[in-house]
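Every read-out reported here was derived from the displayed coordinates using simple, explicitly stated rules and does not represent laboratory data. Being a predicted model, the structure only gives us computed values, none of them experimental. Here the Cβ positions follow ideal geometry from the backbone for every residue, glycine too, while neighbour counts run over all protein chains shown.
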């Protein structure tokens, strides 16, 4: 039996963008990270599915507007066929339809192309760990959209949610990422993740976008 090396596990990433001028430099930059291997690149959604099928793949960095099969449909198909593969959207589009479409299809993260290299790397790591990361602009648009469409402000949450879990849900509803919640509550990010896992299970919350909706409907924001 081999001894552990102590090196971080490398994340296997597919970079999908229909523009080679974006896709290739992005793949090269991500490949410089100590814990990321770019195992394939793709120019459309069908190539993404083929790359993941050839696997193994941990995370797909997904553009939305691509020919043949767009990013939303590819994300939906990945959720059905390869549910263990996380999707982080990286796109120039931050309109309501694109954001809600991608998150509803199962994307764990959503960044605009204004995001820096470290922001993208953090989002990839978070998605691989089962967490969600939303660009600040995306958070604001999502909050505004959900507030406009929320049909039942004041809807009750499960009675067995602890006060801390309610606090965490309220902060998710305000658009804070896990790190921001940890700083606000003076607890560790690992503890935040535990609270999120518990409240998602108790309240049957699917993802971060659903958590924002529930927080608004419950009057927590």
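Working from label points 7 Å from Cα in the Cα-to-Cβ sense, the residue 197 to residue 104 distance is 3.0 nm. Shape class for the stretch 11-141: rounded, because the ratio a/c of the largest to smallest gyration tensor axis (alpha-carbon atoms, square roots of eigenvalues) is under 1.5.
Which order do peptides 38-48, 102-112 fall in by mean Cβ count within 10 Å, highest first?
Ranked from most to least packed, the peptides come out as 102-112, 38-48.
By the count of other C-beta atoms within 10 Å, a proxy for reagent exposure, 97, 58 are ordered fewest to most as 97, 58.
When 192, 15 are arranged by Cβ crowding within 10 Å, least crowded first, meaning fewest neighbours, the order is 192, 15. Taking the Cα atoms only, what angle lies between the long axis of helix 96-105 and the longest principal axis of the chain, rounded to 10 degrees? Result, in degrees: 80.
Both numbers refer to the Cα atoms of the chain; Rg and Dmax are 17.7, 58 Å. In the chain, the longest principal axis of the Cα atoms and the axis of helix 163-173 are about 60 degrees apart.
Per residue of the chain, what 222 nm ellipticity follows from adding -39500 (n - 2.57) for every DSSP H run with n ≥ 4, rounded to the nearest 500?
-15500 deg cm²/dmol, from helical runs alone.
Once both axes come from the Cα atoms, what is the angle between helix 208-217 and the longest principal axis of the chain, in degrees from 0 to 90, rounded to 10? Roughly 20 degrees between the two axes.
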